[in-house]
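The structure appears below as structure tokens.
The values are calculated or read from the model by the stated rules, or taken from the named source; none is laboratory data. Everything numeric here is computed off the predicted structure, so don't read it as measured data. Counting neighbours? That spans all protein chains shown, and the Cβs are built from the backbone with ideal geometry, glycine included. In case anyone asks, the SASA skips ligands and DNA or RNA and just uses the protein heavy atoms, side chains included. Shrake-Rupley method; radii C 1.70, N 1.55, O 1.52, S 1.80 Å.
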Amino acid sequence: LIESEVPHRWDGATVFVATDAETAVDDLLDGIEQGTLVLAGGDDEAVAPDDAFSALFAASDRLAKDPEDEVGREQLLDMAGQLDRGRPAYGISAGAWIKCMEAVEALTAVLDSPDASSSDVIGAAQDLRSRVRQYV
């Protein structure tokens, strides 16, 4: 509320706002409660690289088709090294970002595991690909 510059007043657990700001404040509070609030960064280092989803999609697509693909592996590991759970891509909700990051972490763990089978790589790559597809 403070950053959005909406005039408000708290009375215990109740917040009072102008009638014309009610909808915006309801949406903001709903986003906080649901964990889907869109996080915005103040500078370039506060968000993921612009090409994060494209790179993740391309790498996971390659690995889903060929679990031994070295280019896909290198692309994924390179991009994974640039990502952080606390620095979402611009415009993505915190909840969606965390789910994508979990899929990235799962795929990198499978790639790093000496006991992982080709089907493990394919499954983790397909999961990541399906999560980032809508953002590409």
Practice problem: Within segment 46-136, list the GluC sites (Glu not before Pro) lying in a DSSP loop whose Cβ has at most 12 other Cβ atoms in a 10 Å radius. | Solution: 68
Quiz item: What accessible area per residue, rounded to a whole number of Å², is obtained for segment 89-136 using a probe radius of 1.4 Å?
Solution: 52
Self-check item: Globularity index of segment 39-136, i.e. its alpha-carbon radius of gyration over 2.2 N^0.38 Å
Solution: 1.03
Self-check item: Dipole magnitude (debye, nearest 20) for segment 60-136, charges at Cβ of Lys, Arg, Asp, Glu
Solution: 500
Exercise. Using the Karplus curve 6.51 cos²θ - 1.76 cosθ + 1.60 with θ = phi - 60°, work out ³J(HN,Hα) for each residue of segment 78-85 in order, rounded to whole Hz, and write x for Gly and Pro.
Key: 5, 5, 4, x, 9, 9, 9, 4
Quiz prompt | Chain lengthening between residue 15 and residue 74 when straightened (0.36 nm per residue, less Cα-Cα) | solution = 16.3 nm
